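Notes to accompany the following structure.
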Amino acid sequence: MNLPRARVRRPGRLAAEASALLIAIVVAFPLYWMALSAFKPAGEIESGEPRPWTLAPSLDSFRRVFGQQEFGRYFLNSLVVAGCVVIASGLIAFLAATAVTRFRFRLRTTLLIMFLVAQMVPVEALTIPLFFLMRDAGQLNTLGSLILPHIAFSLPFAIWMLRGFVKAVPEALEEAAYIDGASRARFLWQILFPLVLPGLVATSVFSFISAWNDFLFAKSFIISDTSQSTLPMALLVFYKPDDPDWGGVMAASTVMTIPVLVFFVLVQRRLVSGLGGAVKD
């Protein structure tokens, strides 16, 4: 009885798998071309007949990238900015999600709606007001001018996502912890925090990527002190309107991609469970 049904489903399953494979190829091809161009010699990159392979791989583009005096500094600055954004936004979002889920207070629904509205405002529309705000606060040409805005823009999404994870924890578990003598702080950090950790990992991925790849704020708020620049700004060293070094741009972009891939590999298991929990909720 099950054989005919399996045969009916088979073409649909094959079509779904073929579609998924096609989408994966389309998404992965730009990354492949970036890495390939980073290893191509200058003659092949500038050739009028580009080929999706190279018979003479070269490390000259990477030598030019690592030969830049400030490249290591840019890399460290990006790590500091992304790390601070991930940690700060994760902790604040966890506490805020717990507050709006476990406590009843006035204007709670209004506050949640404001979180949604904040996500609808384009970043470009707030860049100029943020510039004046950072100037008045004395944060221009500092990493703080990059960390603070990214924390602010990461919080609405993180709070909404973690709210579902906190809500999924039964209140009976909290009551049982209190009966056993646990304080509110102990329940928060030793019981609730590990349970919502997959959600924190999922939100941290989005926070990390947005902070790591940021160019708009880095270009707008880091004006004169290049020692505070991040990796996206390093690409401008190789991009010149009259004579762009595409090999250097692709090599630097490849180096920028490696930490993101490493981060994904480290958190992939918790990321899948976190996204699955969010969809289920």
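Arranged from highest to lowest average of other beta-carbon atoms within 10 Å per residue, in what order do the peptides 69-75, 227-233 appear?
Details: 69-75: 15.1, 227-233: 21.1.
Packing proxy ranking, top to bottom: 227-233, 69-75.
For the chain, what number results from the quotient of the Cα radius of gyration and 2.2 N^0.38 Å?
Numbers: Rg = 23.6 Å, N = 281, 2.2 N^0.38 = 18.7 Å.
Ratio of Cα Rg to 2.2 N^0.38 Å: 1.26.
Send over a whole-number figure in Å² for the accessible area per residue of region 70-274, probe 1.4 Å. Walk me through the numbers before you get to the answer.
On the way: 10730 Å² over 205 residues.
It amounts to 52 Å² per residue over region 70-274.
To the nearest 0.05, what FRET efficiency results for Leu197 and Arg10 with a Förster distance of 35 Å applied to their C-beta separation? Can you show the working numbers first?
Values: r = 39 Å, r/R0 = 1.11.
Approximately 0.35, to the nearest 0.05.
Net charge near Arg51: determine it from the other residues with C-beta under 14 Å of the C-beta of Arg51, scoring Lys and Arg +1 and Asp and Glu -1. Intermediate values should be presented prior to the final figure.
Values: positive: Lys40; negative: Glu44, Glu46, Glu49.
Taking every other residue near Arg51 into account, the sum is -2.
Can you give the net charge of the other residues whose Cβ lies under 14 Å from the Cβ of Ser183, counting K and R as +1 and D and E as -1?
Working: positive: Arg184, Arg186; negative: Glu174, Glu175, Asp180.
Neighbourhood net charge equals -1.
Give me the one-decimal nm value for the distance between modelled label points at Val262 and Leu31, 7 Å along each residue's Cα-to-Cβ direction.
1.6 nm
If I histogram all Cα-Cα distances within region 12-57 using bins 5 Å wide from 0, what percent of pairs lands in each bin?
5, 21, 21, 15, 12, 10, 8, 6, 3, 0
Evaluate the distance, in nm, between pseudo-label points positioned 7 Å from the Cα of Asn213 and of Ala176 along their respective Cα→Cβ axes.
4.2 nm
Calculated FRET efficiency, Arg106 and Lys167, Cβ-Cβ r, R0 25 Å, to nearest 0.05? Walk me through the numbers on the way to the answer.
Working: r = 20 Å, r/R0 = 0.79.
Computed FRET efficiency for Arg106 and Lys167 comes out at 0.80.
Could you state the accessible area per residue of region 12-57 in Å², with a 1.4 Å probe and every protein chain left in place?
Working: 3380 Å² over 46 residues.
Averaged over the residues of region 12-57, the accessible area is 73 Å².
Taking 0.36 nm per intervening residue step and subtracting the Cα-Cα distance, what contour gain separates Glu46 from Leu236 on full extension? If you can, show how the numbers build up before the last one.
Working: separation 190, 0.36 × 190 = 68.40 nm, distance 1.89 nm.
That pair, Glu46 and Leu236, stretches by 66.5 nm at full extension.
Determine which residues of region 116-143 fall in the zone a paramagnetic label at Ser224 would reach in this model, i.e. backbone nitrogen under 20 Å from the point 7 Å along Cα→Cβ.
Label zone hits: 131-143.
Can you pull the one-decimal nm distance between simple spin-label points at Thr127 and Trp189, each 7 Å off the Cα toward Cβ?
4.0 nm
Could you pull out every whole DSSP H run in the chain that spans at least 30 Å of Cα extent along its own axis and averages -0.5 or higher on the Kyte-Doolittle scale?
Numbers: long enough: 2-39 (52 Å, 0.78); 71-102 (46 Å, 1.53); 144-168 (36 Å, 1.22); 246-280 (44 Å, 1.26).
Sorted by number, the helices that extend far enough and score high enough are 2-39, 71-102, 144-168, 246-280.
Ignoring ligands, DNA and RNA, please state the percent of accessible area on region 1-118 from carbon and sulfur, probe 1.4 Å. Please report the intermediate quantities before stating the final value.
Details: 5700 of 8290 Å².
Solvent-exposed carbon and sulfur of region 1-118 make up 69 percent of the total.
The values are calculated or read from the model by the stated rules, or taken from the named source; none is laboratory data. Please read all numbers here as calculations on a predicted model, not as lab measurements. All Cβ positions, even for glycine, are placed from backbone atoms using ideal geometry, and neighbour counts span all protein chains on display. Ligands, DNA and RNA are excluded from the accessible area calculation, which covers all protein heavy atoms including side chains. Shrake-Rupley method; radii C 1.70, N 1.55, O 1.52, S 1.80 Å.
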